[in-house]
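Report on the structure given below.
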Amino acid sequence: MGLDYSQIVNGIIEKYNGRKEAIIPILQDVQSELRWLPPEAISLISKRLKISESNIYSIATFYKSFYLKPRGEHVVTVCMGTACHVRGAPKILEEFERKLNIKEGETTKDHKVTLECVNCVGACALGPIVIVNEEYHGQMTKVKVENILENILKKG
Amino acid sequence: MPRIENFEELERARKEILEKRVSEKVTITICNGTGCQAYGCKKLTDSFLTKINQNGLRDKVDVRKTGCHGFCERGPIVVIQPYGIFYQRVKTEDIDEILKETIENKRVVERLLYENPITKEKIEKEKEVPFYKRQLRIVFGKNGLIDPTNIEDYIAIGGYEALAKVLREMKEEEVIEEIKNAGLRGRGGAGFPTGLKWEIARKSVQSHPLKIGYIVCNCDEGDPGAYMDRSLLEGNPHLVIEGMAIGAYAIGVKEGYIYVRNEYPLAVKNATIAIEQAKEWGLLGKNIMGSGFEFDIKIVRGAGAFVSGEETALIASIEGRRASPRPRPPYPAQQGLWEKPTNINNVETWANVPIIISNSSEWYRSIGTETSKGTKIFSLVGKINNTGLVEVPMGITLREIIFDIGGGIPGGKEFKAVQTGGPSGGCIPKEFLDLPIDFEKLTSVGSMMGSGGMIVMDEDTCMVDVAKYFLNFTQEESCGKCVPCRVGTRQMKEILTKITEGKGTMKDLETLETLAYTVKNASLCGLGQTAPNPVLTTLKYFRHEYEAHILEKRCPALVCKELINYYIDPDKCVGCLLCLKNCPSNAILGGNKMIHVIVQEKCIKCGACLEVCPKKVSAVIKLSGEKREGPKEPIPVQEWRKMRGKESEK
């Protein structure tokens, strides 16, 4: 089966004049359109740029910002920077993991929520900090975890 | 849009902008850095604009979205210029009062001022706030004055004059000499002399058959807890661009790259806008200011790999490969990007360049210590009252930064250590609080300057846990190319995990130390060579904490989960059911007005009970290595109190 991504992929490759060395920005742009890197899209990029699929996967798995699985409707990102760590970030992560019944890097079965970690977002004054769909939530506590989840699950 | 065709036109443009601005208008500057955005400054800015329009104040007031002011703890920050009135933690509800009182009646709104926590005195002016008073903000200070997306703001404060000076009256070698004489050293961590680096790169470009080379601005700020590079590029991008243009002229190259970390979308946005504007104004591109000099900059986004900050890995990443470092030599100055001579400097280093050129190397040399000149921006974070970015002269002591500027530790807790240099640095204990900070001094105590992260830790921080945190980080971020780093960091992490679980032996400590030296000496790049530093420094200064975990099965800071237990103090419990209802594993027994009891076998140690127990009750306690006796089953509170009463009578 597989959806047809050729229009999107070709458009992005054009933008970079089909340059092989632009593989990373090309993958970034494709991902920002599709929210992840489906195998069909990688296969298309491979053919157009004449880079082997294995080579593309070696890049896509090396860098943390590429997703080879579809992400949930909502993305919860827990900052694990040092400042957040000493202020209790691991407990916040555990709370999300327990409440959602998934581990870091996973998506709930209903594809509602993806739980991720990041090394530092540089908003250390608000630590521990959690980013929900690009919205920052600072000075997190377990009670706030519950509120966040209630909010996003209610929105559906 | 005026295109600057020659040096005189830059001067004229600046005068015109200033003339346009000399008016009765008051400017409300609102910090729009990432920190303040997290506090909701965007909404605040919009509301200010709407209210100003509604109240017909448009002729009287300007609103300016500025870069990061540094005092992130107190965001959103609003400064009313030209008075310099400093309002902190401003909310949309405060806007009416600010407009009415400060703008119309020229009165200060007392309640929004910063209050000195010790003297309780309200402070009106930004520069009088203790957090700012002890700083020397020669690089970072302009952030609060300009809108990073408006080149006119930068030109108004003398922007691009250093570039004009260089192009008009200095030979390439003279520029390099000036930077050498200033004593500027790389702000990315290693502290290599910048002028010397440029000289090597220049020679390399000159001897290249095509005379081609590149410069790169490294904004892959990966150290967790450090965000000064982001705030500079985000808050004052033209300063970085101007520094790069001066460097490109001195080294003799036409192309530059800014490599920005994936997690910094605002920095990418602002730098992109700034490059576009500089091109429109003729300050980048061909024939800059009519001098014949040509220079252009491209932005490359990182894709989320800590090791990309290493020079050879960064080059691999720009070339579209995995960011794996390679052995040096050849150094990037000889064979860098696309195998051409390449000079890489960090954001803060580039930002220092125009300041040196404008103010002279002699002036710059007068700041700092014998070996480290100028200022350094640190991000002061963790267990500290005034979290934020601070710029201080080299040679200031840790104590001055942490206690005078940072306002000490919150909640009356005791200072334990400060971690500098990120995952490559070390933990410095309180014995060294009076250490004057420079590149050499920090190295001498086993840490390093790094990019300038300064994470403060208090008595509630477990140093073994911190070491484990960093090893976990470096192990995950190791690119996997060389064995000592790939395998060594993993083994070290496993030993540390064992110790934090109370399963460690004294033999493990020996193995840990041996491994640490092997990884340090045998790894290919800086990541592996410095990865053991957090372990080595904690072993050196906090060995007793390791020993407590191993010998007494106790975590003195009550952090390591496997070694702590939660108890409910029966003398304090009022039987309110709060903890019982919030316990996710049903490990709490009790009832209304009954003493609650935690069933240790069921407890998952999440700490929810401690968090929800009302402050005035504070019945939940955390212990390590000791037990608290109490009733095994819930009994009525009254009954327990009676029993205790009788006991004390006896």
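Data table
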quantity: Trypsin sites (Lys or Arg not before Pro) within region B:387-455, DSSP loop, no more than 16 other Cβ atoms inside 10 Å; calculated: B:413
quantity: For B:221-231, mean number of other protein chain Cβ atoms within 10 Å; calculated: 5
quantity: Residue B:276 versus residue B:60: modelled label distance in nm, points set 7 Å from Cα along the beta carbon direction; calculated: 3.5 nm
quantity: Given charges at beta-carbon only (K, R positive; D, E negative), |dipole| of region B:121-216 in Debye; calculated: 420 debye
quantity: Pair residue B:104, residue B:604: separation of 7 Å Cα→Cβ label points (nm); calculated: 5.6 nm
quantity: Exposure proxy ranking, count of Cβ atoms within 10 Å, fewest first, for B:596, B:544; calculated: B:544, B:596
quantity: Simple Cβ-charge dipole of the protein assembly as shown, Lys/Arg +1 and Asp/Glu -1, about Cα centre, in debye nearest 20; calculated: 1540 debye
quantity: DSSP-defined antiparallel bridges as percent of all bridges, the protein assembly as shown, nearest 5; calculated: 55 percent
quantity: Neighbour-count order for B:281, B:640, B:198, B:338, fewest beta carbons within 10 angstrom listed first; calculated: B:338, B:640, B:281, B:198
quantity: Listed peptides B:453-459, A:99-105 by packing density, highest first (mean Cβ within 10 Å); calculated: B:453-459, A:99-105
quantity: Check: region B:462-520 dipole with +1 on Lys, Arg Cβ and -1 on Asp, Glu Cβ, in debye; calculated: 180 debye
quantity: For A:111-123, mean number of other protein chain Cβ atoms within 10 Å; calculated: 6
quantity: Under 11 Å, Cβ to Cβ, from residue B:475 - net charge with Lys/Arg +1 and Asp/Glu -1; calculated: +1
quantity: Built amide H within the under 5 Å cut-off of residue B:296, gap 5+; calculated: B:255, B:256, B:285
quantity: Loop sites in region B:118-165: trypsin sites (Lys or Arg not before Pro), DSSP, at most 16 other Cβ within 10 Å; calculated: B:120, B:134
quantity: For chain B, calculated [θ]222 nm from helices alone, where every DSSP H run of n ≥ 4 adds -39500 (n - 2.57); calculated: -11000 deg cm²/dmol
quantity: At most 14 other Cβ within 10 Å, DSSP loop - GluC sites (Glu not before Pro), region B:76-153; calculated: B:121
quantity: Rounded, prolate or oblate (a/c below 1.5 giving rounded, otherwise prolate when a/b exceeds b/c) for region B:132-188 by Cα gyration tensor; calculated: oblate
quantity: Tensor-based shape of chain B (alpha-carbon gyration tensor, a/c under 1.5 rounded, otherwise prolate or oblate); calculated: oblate
quantity: Modelled FRET efficiency - R0 56 Å, residue A:101 with residue B:366, Cβ distances, 0.05 increments; calculated: 0.35
quantity: Share, in percent, of DSSP beta bridges within region B:375-461 that are antiparallel, nearest 5; calculated: 80 percent
quantity: Footprinting exposure proxy for A:62, B:48 (fewest neighbouring C-beta atoms within 10 Å first); calculated: A:62, B:48
quantity: Separation of the residue A:111 and residue B:572 label points, Cα + 7 Å toward Cβ, nm; calculated: 4.9 nm
quantity: Average other protein chain Cβ within 10 Å of Cβ, residues B:309-321; calculated: 2
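Only the coordinates and a few stated rules stand behind these numbers; no lab work does. This structure is a prediction, so every number in the text was calculated from the model and none was measured. Cβ atoms come from the backbone with ideal geometry, glycine included; neighbour counts cover every protein chain shown.
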